[in-house]
1. Zone of Val107 (label point 7 Å along Cα→Cβ, backbone N under 15 Å): which residues in region 142-186?
2. Run lengths n ≥ 4 of DSSP H only: what is the helix-derived mean residue ellipticity at 222 nm for the chain, with -39500 (n - 2.57) per run over all residues, to the nearest 500?
3. For a quick check, take a GNM of the chain with Cα springs below 10 Å and name the residue from Phe90, Phe134, Phe18 with the largest mean-square fluctuation.
4. Longest segment of the chain with no GluC sites (Glu not before Pro) in a DSSP loop having at most 16 other Cβ atoms within 10 Å?
5. What list of ³J(HN,Hα) couplings, whole Hz, do you get for region 219-233 from phi and the Karplus terms 6.51, -1.76, 1.60, once you set θ to phi - 60° and write x for glycine and proline?
6. If neighbour count is taken as other Cβ atoms inside 10 Å, put Cys228, Cys51 in order from fewest to most.
7. Under unit Cβ charges (Lys, Arg +1; Asp, Glu -1), what dipole magnitude, rounded to 20 debye, does region 84-194 have relative to its Cα centre?
8. Distance cut-off 27 Å, Cα to Cα: go down the list Lys23/Lys186; Lys154/Lys217; Lys72/Lys186; Lys6/Lys217; Lys6/Lys157 and report the pairs above it.
Amino acid sequence: MYIETKGLKKSYGEGGSFVQVLKGVDIGIRAGEMCVIQGTSGSGKSTLLNCLGGLDSIDTGSVTVAGTSVEKLKGEKLADYRRKNLGFIFQFYNLVPNLTVRENIQVCEYLSKSPLDMNELLEVLGMSEHADKFPSQLSGGQQQRCAIARALVKNPKVLLCDEPTGALDSKTSRDILMLLEKINAKYDTTMIIVTHNNSIKNMVDHVIYIKDGEVSKDYYNEVKVPACDLEDL
Ligand SMILES: Nc1ncnc2c1ncn2[C@@H]1O[C@H](COP(=O)(O)OP(=O)(O)OP(=O)(O)O)[C@@H](O)[C@H]1O
Ligand SMILES: [Mg+2]
């Protein structure tokens, strides 16, 4: 497996505020697949994604990405690993307010030896005409496209998305999902998408449900519905 967790446990807090969030998660994700992680609020989806991305430490178990034991990396090595291999997209775009679209993307372009072509990426994302605007001058969907461009410009092998459409209306959500689909097909980027939405799972290869910190369902779709045909976004 390209991405794998074994017996992954993660808790927060101590004493009275102790919570066991992940209770022994075993998952495997193939290179180039699109995978959705679903589950109710508080089930541990974001925690799992953050552990996969090395944004959070784990208690026990293992997290392996392309042969690298992420849980063993620390400090500079971990930061370097994240920089080289991973792209992150969050629900609230986290753009730098006093940088333009182009500058927000450039911040990450410098992190890679082989970045994607900035103008091509802006074109693919339909953002060329907004390149010199500031985030406050953009709609939510445009800001999310900018955040996606920023995550993709270094051409990461793995893209981790936490509720990428959570703050968007259904039309913009569809546009963003079509974009992710296009990028997956074009660059073979492995994508893990955490979502509340019950429809998005139909467009991806692999679906994992987390319930109360454990995997409750894990299956591959036999037929995928293209994002353009999804209902109830
Ligand atoms: N930094 C933290 N400190 C303490 N508890 C935390 C922390 N982060 C998450 N938790 C707790 O861990 C549990 C799982 O949180 P997580 O954010 O992974 O859920 P989620 O499935 O992503 O939920 P949502 O769908 O609402 O985003 C929750 O009970 C939450 O309160
Ligand atoms: Mg979450």
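1. Under cut-off, by backbone N: 143-154.
2. Helices in the chain give a 222 nm mean residue ellipticity of -8500 deg cm²/dmol.
3. Maximum among the listed residues: Phe18.
4. My reading of the result: 15-221 is the longest stretch.
5. Using θ = phi - 60°, the values come out as 8, 9, 6, 7, 10, 9, 9, x, 3, 5, 9, 5, 9, 6, 7 Hz.
6. Neighbour counts put them in this order, fewest first: Cys228, Cys51.
7. The calculation lands at about 220 debye.
8. Where the Cα-Cα span goes over 27 Å, the pairs concerned are Lys23/Lys186; Lys154/Lys217; Lys72/Lys186.
Every number in this text was worked out from the coordinates using simple rules, so none of it is lab data. If you're wondering where the values come from, they're calculated on a predicted model, not measured in any experiment. Backbone-built Cβ (ideal geometry, glycine too); neighbour counts: all protein chains shown.
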